[in-house]
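The values are calculated or read from the model by the stated rules, or taken from the named source; none is laboratory data. Quick caveat, the model's predicted, so the values are computed rather than measured. Note that we place each Cβ from the backbone using ideal geometry, even for glycine, and neighbour counts take in every protein chain shown.
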């Protein structure tokens, strides 16, 4: 059986396990009380945040020589969201987004330059998520179990150590024998200037907007938790959902929200609806990419 089928089965099993645990009638009552007007307002705010994220990718791409207009970057970015949501791979959208970017400037740049923009865009986002997670762990260390605290702090510390090691090795003049490793350090050097501060600042602003969206979802569902707890909930759930163990985070995302909201004293039925609400935001925003896709194909 292909890995994609294993991921799909694993995600569906986890999702089924969560659904069997919750009270479906209670979950339906909670969902029924949510406002469609609030949902549309939150969706619009999220689309604004993703536009900002597309601008970050434009800066990353322009920095190494790509020459698309911002609208072209925006179109490719949303097309990537569409494919990531509906292709059974989780990274298919990134592959297509990078390929179309390379096609625009293939006479001047190599394909691995397009790959570099995708990787750096992803890695900068994960790094900022871990930065946000640190104060959340410190503030709510008593609510989190000892094992969870150790795992989260180990992930943060390990990422920081790896980042410093990569930066240090990127400046070594001695070439590495492995071509892939050598290429990674070469691309790291491309961004180690003042541009990197702009990239991380935009990434921080995007994730701060995502935190606001989580807070708004909690407000719409009448969640009784402190605002600072979203510093734990959002980064931890986002990182877990990005792990390549299920199809597009299916099941893992829902489990993460049920687990971490459960540590804050939220009933599993409410937590599941919170995850479903957020999933609907992600799905609806990805559908916008279909509009850009149709327009791109016409051109």
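Some observations on this one:
- Of the set (1) surrounded by fewer than 17 Cβ atoms within 10 Å (Cβ to Cβ); (2) at pLDDT 90 or above, all apply to residue 141 but (2).
- Some residue of the range 217-236 being modelled with pLDDT under 90 and farther than 26 Å from residue 35 by Cα: no
- Residues located in the range 23-53, provided they are modelled with pLDDT of 80 or more, part of a loop (DSSP other than H, G, I, E, B) and either surrounded by 13 or more Cβ atoms within 10 Å (Cβ to Cβ) or under 18 Å from the mean Cα position of the chain (by Cα) (or both): 34
- Exclusive hit being in contact with a helix residue (DSSP H, G or I) (Cβ under 8 Å, 6 or more places away or on another chain), part of a helix (DSSP H, G or I), free of Cβ contacts under 8 Å to residues at least 40 places away in the same chain and over 30 Å from residue 61 (Cβ atoms), set 138, 153: 153
- The single condition among (1) crowded, with 16+ Cβ neighbours inside 10 Å; (2) at pLDDT 80 or above that residue 135 does not meet is (1).
- Residues (out of contact with any helix residue (DSSP H, G or I) (no Cβ under 8 Å at 6 or more places or on another chain) and outside any loop (DSSP other than H, G, I, E, B)) located in the range 141-150: 146, 147, 150
- Residue within the range 1-10 that is modelled with pLDDT of 80 or more and either within 24 Å of the chain's Cα centre (by Cα) or not in a helix (DSSP H, G or I) (or both) present: no
- The sole residue among 148, 128 that is surrounded by 15 or more Cβ atoms within 10 Å (Cβ to Cβ) and either at positive phi or at pLDDT 85 or above (or both) is 128.
- If only residues of the range 230-266 that are part of a helix (DSSP H, G or I) and out of contact with any helix residue (DSSP H, G or I) (no Cβ under 7 Å at 6 or more places or on another chain) are counted, the one that is surrounded by the fewest Cβ atoms within 10 Å (Cβ to Cβ) is 263.
- For the range 68-77, a residue qualifies if it is surrounded by 15 or more Cβ atoms within 10 Å (Cβ to Cβ) and assigned to a helix (DSSP H, G or I), and the qualifying residues are 72, 73, 74, 75, 76, 77.
- For the residues 65, 80, 98, the requirement of being in contact (Cβ under 8 Å) with a residue 40 or more places away in the chain and buried (at least 17 other Cβ atoms within 10 Å of the Cβ) singles out 80.
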